[in-house]
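Asks: Have a look at this one.
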């Protein structure tokens, strides 16, 4: 495996410089990451970003309470003993994908122009909104976002509708397994996947393998919270080993896998300051 200290980017006080890497997907991923760091957005994109972040702030400032429910499914971060309890939306909103992660997802959709995007773990729809807004701007693609918690999905639906992104999103109130099985049955190919729920190492490997088997050529799989626990980090390291012939990017909290089809000469990179 070709090991790089950085993926196509080196921080050097004033900014970042590109490394010459002869791989189209790696270059596209580099563009997406660089744009996050440089905050390189046109006015219309900045408007969307501002609206989504305004929605986030509204959720974080809300005193409304929602019922927690695992509904007998494991693909949730809620403990079983908390079934039926209520919690402030503001507390749950704090678990949403943070702005930098949202911008990265926005950029990946903008750069890769995927037709089929799947998100495992909707929560309140912030990360979904970032991807959907980018789909709307590019004029193609749709986000399939899945969460088993009906109360959370109701908040997400209102959020997505309030942003005017309902045509770019299909929200599914099912388990991750059910959705992935349906996608396989429909013989659908996944271009971009975001795994952001069920923070369990064994579950992550299962979802990853299923998505991997349905991924299109040069698909990208994004995994959140790869250092949430030792089990999650071990699972991420296992994925890195599995994808030795492809592009693997460690962003500390998030991990990206680009199916670049490089064969035995894969790229493993970690974004770090120098």
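Readers should treat all values here as calculations from the given coordinates under stated rules, not as data from a laboratory. Values in this document were obtained by computation on a predicted structure and should not be read as measured data. Glycine also receives a Cβ, built like all others from the backbone with ideal geometry; neighbour counts cover every protein chain displayed.
Asks: In terms of the Cα gyration tensor, with a ≥ b ≥ c the square roots of its eigenvalues, is region 96-165 rounded because a/c is under 1.5, prolate because a/b exceeds b/c, or oblate?
Replies: Taking the square roots of the gyration eigenvalues as a ≥ b ≥ c, region 96-165 is prolate.
Asks: Based on the Cβ-Cβ distance of residue 181 and residue 58, what FRET efficiency does E = 1/(1 + (r/R0)^6) give at R0 = 35 Å, to the nearest 0.05?
Replies: 0.50
Asks: In nm, to one decimal, how far is the residue 217 label point from the residue 166 one, both placed 7 Å along Cα→Cβ?
Replies: It is 3.8 nm.
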